[in-house]
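Take a look at the structure below.
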Amino acid sequence: LARLLDIPSLRCVVRGDELVSPGASLADLDYQAKPDDIALIQYTSGSTGDPKGVTLTHRNLVANVRAIGYGVGVRPGDVVVSWLPLYHDMGLIGCWLFSIYFGLELAAISPVAFLRRPERWLWMFHHHSGTLSPAPNFGYELCVRKIKDKDLEGLDLSSWRVALNGAEPIHPGTLDGFIERFSRYGFRRESMMPVYGLAENSVALSFSPRDTAPRIDVVDRSTFELCGEARPARESGGVFRLDGAAEATGNLRFVSSGRALPAHEIRIVDHNGDLLGDRREGQVQFRGVSAMQGYYRNPAATRAAMDGDWYRSGDLGYWAEGDLFITGRHKDLIIRAGRNVHPQELEKLAAEVAGVRQGCVAAFSVPDREAGTERVVIVAETREKDPQRRRDIAADVKRRVGAGAISPDVVMVVSSNMIPKTPSGKLQRDA
């Protein structure tokens, strides 16, 4: 069987009825779990290294589910709508366990059904009077770009109370586009709720406030990249509520993830572990009742993840007016001429070029040992087959990214599905 399934470590498969001794019943096997017993081990996506098993107890899970309930203001009549897979923490904990704990109706479709026809997700709100649903940013982007108007005739989204957006970088343009397009079908701007979380904290850590439009911070690009200071851009006056305004040239926009959920804390520190003040970018750390017990059978990784009794998230961010703004992953930073450039910014610019597949661009740096520096590389997927057309796309990407941020040293245009991703769809830039 191990050879058949290509799982060398598999010893045997045991059926449930084989665990019951002759004459016994399943009721005899009833086990009352204790709060601090291990409930499950969920593996990180491995976007920046080898996947590690996050050990979570029943206490961790229940605490996180309760915190999510507080964040969304759960109601007895809520209906959860989901297409997320159960191997994704947002799908397993944020949808399924959440629905079970609060006794809510759950309407679900498979991820494949959503990807083939994303309008199915929206129609589930119409048919089931759905009120709550989480999804990563690309799910909302897919709805904006792929659904045709004729497939939305008669659609009513007015019951959708909270649309959680998290699990990956949140793009202001996606929020703009989704709200603008689907407001005509009853979707409210105030329903969009950017959130932040990670597997090491079960799933959820910070939520934006309910019934408020997403908050976007417009900061000066040069000051941010050179000094790590999120100085408000002159055009914006600082943090403002989403109004569909286009990004000003030379500025960056970051989405607020709100504040820590009850019984959780977040802090931002520099590389020495010292606390940073308002609008200073640093490393995001957290602690609270949902935090993991450690990485399963990996004490070295557990020690590396700890700073006293705080956990290192691996993410970068800053505070502004009491809200958390996530700016990127620490290990993904690209350093060019003293500037700290986030790859998401380069990927966003490259994706604006005609012929480039949305969500299928990776930007990273590789060492140039001869020059003693690092080279900036962009890999972009396309469905174009013609070699000349691919060369034209590469040239357009280099011009677009160079004009908007920094000039890449190498641009590679490749076929679809060439860029490695995690099972949850995150880019694996290290790979």
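The values are calculated or read from the model by the stated rules, or taken from the named source; none is laboratory data. Small disclaimer: the values here were computed from a predicted structure and weren't measured. Heads up, the Cβs are rebuilt from the backbone with ideal geometry, glycines too, and the neighbour counts pull from every protein chain shown. Keep in mind that these areas ignore ligands, DNA and RNA; they rest on the heavy atoms of the full protein, side chains included. Shrake-Rupley method; radii C 1.70, N 1.55, O 1.52, S 1.80 Å.
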## Note on the structure
With criteria (1) buried (at least 22 other Cβ atoms within 10 Å of the Cβ); (2) hydrophobic (A, V, I, L, M, F, W, C); (3) within 23 Å of Asp217 (Cβ to Cβ), Val356 comes up short on (3)
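Would you mind finding the one in Arg339, Arg390, Arg357, Arg369 that is in contact with a strand residue (DSSP E or B) (Cβ under 6 Å, 6 or more places away or on another chain), among the charged types (D, E, K, R) and modelled with pLDDT under 95? Walk me through it before giving the result.
On the way: Arg339 fails: in contact with a strand residue (DSSP E or B) (Cβ under 6 Å, 6 or more places away or on another chain); Arg390 fails: modelled with pLDDT under 95; Arg369 fails: in contact with a strand residue (DSSP E or B) (Cβ under 6 Å, 6 or more places away or on another chain).
Unique residue meeting the criteria: Arg357.
Only one residue in Glu190, Glu200 is in contact (Cβ under 8 Å) with a residue 12 or more places away in the chain and under 24 Å from Trp123 (Cα atoms), so which one is that? Full working, then the answer.
Values: Glu200 fails: under 24 Å from Trp123 (Cα atoms).
Just one listed residue meets the conditions, Glu190.
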### Summary
The one condition Trp319 fails out of (1) surrounded by 17 or more Cβ atoms within 10 Å (Cβ to Cβ); (2) part of a loop (DSSP other than H, G, I, E, B) is (2)
### Query
Can you tell which of Ala233, Ala260 is within 27 Å of Gly173 (Cβ to Cβ) and modelled with pLDDT of 95 or more?
Ala260
### Query
How do the pairs read when you match residues in the range 322-347 that are at positive phi with residues anywhere that are open to solvent by 30 Å² or more (accessible area, probe 1.4 Å) and at pLDDT 90 or above, using Cβ under 8 Å and keeping only pairs 6 or more apart or on different chains?
Gly322/Arg259
### Query
For Arg267, are the conditions met, namely being modelled with pLDDT of 95 or more and either part of a strand (DSSP E or B) or surrounded by fewer than 21 Cβ atoms within 10 Å (Cβ to Cβ) (or both)?
yes
### Task
Evaluate the following for Tyr311: is it of a type in the set (Phe, Trp, Tyr), open to solvent by less than 10 Å² (accessible area, probe 1.4 Å) and either more than 22 Å from Val414 (Cβ to Cβ) or touching a His at 6+ places or on another chain (Cβ under 9 Å) (or both)?
no
